[in-house]
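Each reported figure results from applying straightforward, stated rules to the coordinates on display, with no laboratory input. Owing to the predicted nature of the structure, the values given are computational and were not obtained by experimental measurement. Note: ideal-geometry Cβ built from the backbone for every residue, glycine included; neighbour counts use all protein chains shown.
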């Protein structure tokens, strides 16, 4: 009993889930890389195809739109065939989409690249719909937020590597197909590994049925969590998408320098925040930490909107630090309000990632029509204010 209590992070009812937790957590790096390299692709396509910020935002629209369209089918796959099937499906789609960059670099067509990114987005949807809720059930329920924050730390390392690799290759005239070819092959190899291993299927206390349990899922607390997650992804994607544009236009830095600041500084603090956030949650309530971080993020974003010069770089770094715990914490808190309908709730929550398609379009449109990149950051500012209110209302 003592040993199980000490290791309750990965143990529950006599079962030890450490190995499946480690396997699933390894996937978080893969989609972190896929998301973060988009922030380099956006300005790269602006220059390569001579398109506006609004048009370049379709890079994000393609990936995050895939989340909206694929979330429910992904949820069906998981409910019908299990978490492992969802993971393998996601990896296959991710790998195929990445390898489409090989013919894409020959065709050199922006719409074709957008299509390839949409396929990747569909794959990432399956991965996140499977992996995020799976980590929350692999151990003591009261430690769910700590587990998902720990897994999301690996996701943060992917966010660091993406801008560094992308900036080094794309802004120096490298072939856009190279990083995606490497990732595509690696992802397909990981899919092969998962096809050969068995993962324990965790039965939920309440399964969603056609009648009777729908009302248990769609309660006020869950709906507020859905909105909070939508706005968080919108804010995060908006900040990431235009960080390089902002720094180049408002501080006189080069694209390569800005991508390095994004990778080492912003994403480095993002990872640090996830690692320390998961540890701090062992001592403090998750919603209290979320409230503090959301307020700090809102204040820092206000500096970005109103400020100019290098002080805004410090504000960006504060935003990245504070963003670190938001997605996994909101996700886990919302799952707690789902009445035990983990798999269906996960599909719905993953659909909210479509927020990442909305904010870049809004911000690009504002920047193009006002001529001011800082004003566009009012969009994530509003999002952080809502998230602070959500955390304040949580019991």
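For the peptides 177-188, 124-135, 346-357, the ranking by packing is 124-135, 346-357, 177-188, with the highest mean count of neighbouring Cβ atoms within 10 Å listed first. Here the average projected area of the convex hull drawn through the C-alpha atoms of segment 349-393 stands at 3.5 nm². Residue separation of residue 279 and residue 51 scaled by 0.36 nm, minus their Cα-Cα distance, works out to 77.7 nm of gained length.
Averaging the Cα positions of each part gives two centres, and for segment 316-395 and segment 106-155 these lie 16 Å apart.
Remark: segment 77-195 is approximated by an ellipsoid whose semi-axes, taken from the C-alpha gyration tensor as √(5λ), come to 30, 18, 11 Å, largest first. Please work out which option in (1) 30.0; (2) 23.3; (3) 18.1 gives mean projected area of the Cα convex hull in nm² calculated from these coordinates, and answer with its label. Looking at mean projected area of the Cα convex hull in nm² for this model, the match is (3). Applying the Kirkwood pairwise sum to the alpha-carbon positions of segment 231-334 produces a hydrodynamic radius of 14.0 angstrom.
Ranked by the mean number of other Cβ atoms within 10 Å of their residues, highest first, the peptides 153-160, 79-86, 227-234 come out as 227-234, 153-160, 79-86.
Based on the Stokes-Einstein relation at 20 °C and a viscosity of 1.002 mPa s, and on the Kirkwood radius from alpha carbon pairs, segment 119-182 is assigned a translational diffusion coefficient of 153 µm²/s.
Counting only DSSP H runs of at least 4 residues, each contributing -39500 (n - 2.57), and dividing by the residue count of the chain, the helix-based mean residue ellipticity at 222 nm comes to -25500 deg cm²/dmol. Kirkwood analysis of segment 308-365, using all unique Cα-Cα pairs, places the hydrodynamic radius at 13.8 Å.
In plain terms, the chain from residue 108 to residue 181 could stretch by 24.7 nm, reckoned as 0.36 nm per residue minus the Cα-Cα distance.
When peptides 235-245, 296-306 are ranked by their average number of other Cβ atoms within 10 Å per residue, the highest-first order is 235-245, 296-306. Every pair of different Cα atoms in segment 279-395 enters the Kirkwood calculation, which places the hydrodynamic radius at 15.5 Å.
If you bin all the Cα-Cα distances of segment 13-123 at 5 Å, starting from zero, the percentages per bin are 2, 11, 18, 21, 17, 11, 8, 6, 3, 1, 1, 0. Expressed in Å, the radius of gyration and Dmax of the Cα atoms of segment 265-307 are 12.1, 36.
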